[in-house]
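The values are calculated or read from the model by the stated rules, or taken from the named source; none is laboratory data. All values reported here derive from a predicted model rather than from experimental measurement. Using ideal geometry, Cβ is built from the backbone for each residue, glycine included, and neighbour counts are taken over all protein chains shown.
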C-alpha cells in the first residue's frame with residue numbers, strides 16, 4: 001500500500017513557448033537571473049509540500065544547463081538550505097553523479113548535512129548520462145564499462161567512509177590513504193570525520209541496466225524508477241526483487257522502491273490531457289534524445305528497439321502505458337491503484353513534475369492531489 005509521497009523536480013525554470021511546435025530545446029538560452037529562479041521555486045514548492053503532508057522533494061544534479069531544464073549543480077547544498085526553509089520535509093538527491101565527485105568529499109558533505117538537518121537529506125547516486133557534463137569533468141561516460149568500473153569503486157570508497165571507523169582502500173582509481181609519512185609514523189588507515197549521524201546510510205539509485213540492478217542489490221541500494229510504461233516497470237520491479245534475493249536480501253515485491261509517474265488532475269480526462277500535453281511534449285523534446293522513452297509495444301519490445309516504435313511519444317501513449325495519469329481524482333486514484341496493487345511491498349509513490357508545467361500550475365496540482373488523491377491511496 002502506498003504510504004509515502006514524493007515529488008521529483010529536476011530543476012527547470014519556467015520555460016516559455018513550450019510544446020512540440022515551441023522553441024527547439026537546443027536553442028533555448030536564458031540569463032543568469034532567469035536561471036537562478038529555480039532555487040526559489042524549489043523553496044516555494046518545498047514549503048507547500050511541507051504544509052500538505054508530502055514526505056520528500058527529490059532534485060537532480062546537472063551542470064552547464066544554459067537551456068534551463070536542469071540547473072541544480074549541488075544537491076547536498078540545496079537540500080541543506082531547503083531544510084532551513086521548512087519544518088519536516090526531507091530532501092532527496094536524485095542523483096549525485098558519482099563519477100563527477102571525489103567520493104570522500106561527497107561522503108563528508110553528506111555527513112555534515114545529515115548531522116545538522118537531523119537526517120532530512122537523503123543520499124542518492126547515479127552514473128550520469130550527459131556527455132557534456134561527465135566528460136567535461138574529466139570522467140568517463142562514452143566508455144560505459146570504464147564508467148561502471150569507476151562508479152563501483154567510488155561507491156565502495158564512499159561506503160567505507162560511512163560504515164568503517166577506520167579504513168584503507170586501494171583500488172584501480174583510488175588509494176586512501178596512500179602510504180605516506182605523517183607526524184612520525186607511516187599512514188595505514190584514515191577515519192572520515194564526521195561520520196553521518198544516521199547509520200546505515202539510506203542510498204537510492206535509478207534503475208538503468210541489468211548490470212546496474214545487480215550492483216544495487218549487491219551493495220544494498222534502494223531503487224527509483226519513474227515514467228516507465230507498465231510492462232517495463234514490471235520487468236524492472238521483478239528484476240530488482242530477484243537480484244536482492246540472489247544477494248541474500250529478502251524483500252517483498254516492490255519493497256525499497258520509489259515508483260514515479262506523471263499526474264494531472266482536471267474535471268475531465270480530456271481537459272487534463274489538453275492542459276498537460278504541452279508540458280509533456282516539452283519534457284520529451286529534451287529527454288527523448290537521451291533514451292528516456294521507457295515504453296514497450298504490444299509484443300513487449302522496448303520503444304526504439306528493432307520493430308518497436310521509434311518516435312517521440314505523445315501523452316496518449318504515456319496514458320495508455322500507465323506512466324501518466326490524467327483526469328478527475330477517481331480516475332487517477334484507480335489508475336495508480338491498478339499498478340500498485342501488483343506489488344505488495346510498494347510504499348512509495350512519486351509525482352514527476354513535467355518540465356514545461358509552470359510552478360503556479362504545479363502547486364495547484366499538489367494542493368488538489370493532497371486533498372483528494374493522497375487520502376484515498378493510503379486506504
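Any chance segment 40-49 includes a residue that's touching a strand residue (DSSP E or B) at 6+ places or on another chain (Cβ under 8 Å) and either surrounded by fewer than 17 Cβ atoms within 10 Å (Cβ to Cβ) or outside any helix (DSSP H, G or I) (or both)?
Looking through segment 40-49, none of the residues is touching a strand residue (DSSP E or B) at 6+ places or on another chain (Cβ under 8 Å) and either surrounded by fewer than 17 Cβ atoms within 10 Å (Cβ to Cβ) or outside any helix (DSSP H, G or I) (or both).
Kindly provide the set of residues from segment 219-244 that are over 19 Å from residue 344 (Cβ atoms), touching a helix residue (DSSP H, G or I) at 6+ places or on another chain (Cβ under 8 Å) and part of a helix (DSSP H, G or I), ordered by number.
219
For residue 35, indicate whether it is touching a helix residue (DSSP H, G or I) at 6+ places or on another chain (Cβ under 9 Å), part of a helix (DSSP H, G or I) and either at pLDDT 95 or above or crowded, with 17+ Cβ neighbours inside 10 Å (or both). Talk me through it step by step, then tell me what you get.
Working: touching a helix residue (DSSP H, G or I) at 6+ places or on another chain (Cβ under 9 Å): no; part of a helix (DSSP H, G or I): yes; either at pLDDT 95 or above or crowded, with 17+ Cβ neighbours inside 10 Å (or both): yes.
Answer is no for this residue.
If we keep just the residues of segment 313-322 that are in contact (Cβ under 8 Å) with a residue 24 or more places away in the chain and surrounded by fewer than 20 Cβ atoms within 10 Å (Cβ to Cβ), which is farthest from residue 270 (Cα to Cα)?
Top of the filtered list is 322.
List, please: which pairs have Cβ atoms under 8 Å, are six or more places apart or on different chains, and start with a residue in segment 52-75 that is at negative phi and crowded, with 21+ Cβ neighbours inside 10 Å and end with one that is assigned to a loop (DSSP other than H, G, I, E, B) and modelled with pLDDT under 95?
Every condition considered, the pairs that remain are 69/355.
In segment 112-154, which residues are touching a residue at least 60 places away in the same chain (Cβ under 8 Å), over 23 Å from residue 215 (Cβ atoms) and within 20 Å of the chain's Cα centre (by Cα)?
114, 119, 132
Across segment 245-278, which residue is nearest to the chain's Cα centre (by Cα) among those that are assigned to a helix (DSSP H, G or I) and buried (at least 23 other Cβ atoms within 10 Å of the Cβ)?
276
Report, by residue number, each residue of segment 279-301 that is assigned to a loop (DSSP other than H, G, I, E, B) and crowded, with 22+ Cβ neighbours inside 10 Å.
Of everything in segment 279-301, those that are assigned to a loop (DSSP other than H, G, I, E, B) and crowded, with 22+ Cβ neighbours inside 10 Å turn out to be 293, 295.
Of all residues in segment 125-161, how many are part of a helix (DSSP H, G or I) and either loosely packed, with under 14 Cβ neighbours inside 10 Å or touching a strand residue (DSSP E or B) at 6+ places or on another chain (Cβ under 9 Å) (or both)?
16
Please verify whether segment 323-334 includes one or more residues that are within 16 Å of residue 266 (Cα to Cα) and assigned to a loop (DSSP other than H, G, I, E, B).
Scanning segment 323-334, I find at least one residue that is within 16 Å of residue 266 (Cα to Cα) and assigned to a loop (DSSP other than H, G, I, E, B), so the answer is yes.
Here are some residues: 11, 19. Which one is at positive phi, assigned to a loop (DSSP other than H, G, I, E, B) and crowded, with 17+ Cβ neighbours inside 10 Å?
11
Checking the conditions here, which among 351, 333 is under 17 Å from residue 226 (Cβ atoms) and in contact (Cβ under 8 Å) with a residue 12 or more places away in the chain?
351
I'd like to check something: does segment 87-107 contain any residue that is surrounded by fewer than 22 Cβ atoms within 10 Å (Cβ to Cβ), in a loop (DSSP other than H, G, I, E, B), at pLDDT 95 or above and touching a helix residue (DSSP H, G or I) at 6+ places or on another chain (Cβ under 7 Å)?
For segment 87-107, residues surrounded by fewer than 22 Cβ atoms within 10 Å (Cβ to Cβ), in a loop (DSSP other than H, G, I, E, B), at pLDDT 95 or above and touching a helix residue (DSSP H, G or I) at 6+ places or on another chain (Cβ under 7 Å): present.
Has segment 189-212 got at least one residue that is surrounded by 16 or more Cβ atoms within 10 Å (Cβ to Cβ), assigned to a helix (DSSP H, G or I) and either modelled with pLDDT under 95 or touching a strand residue (DSSP E or B) at 6+ places or on another chain (Cβ under 7 Å) (or both)?
Yes - at least one qualifying residue is present in segment 189-212.
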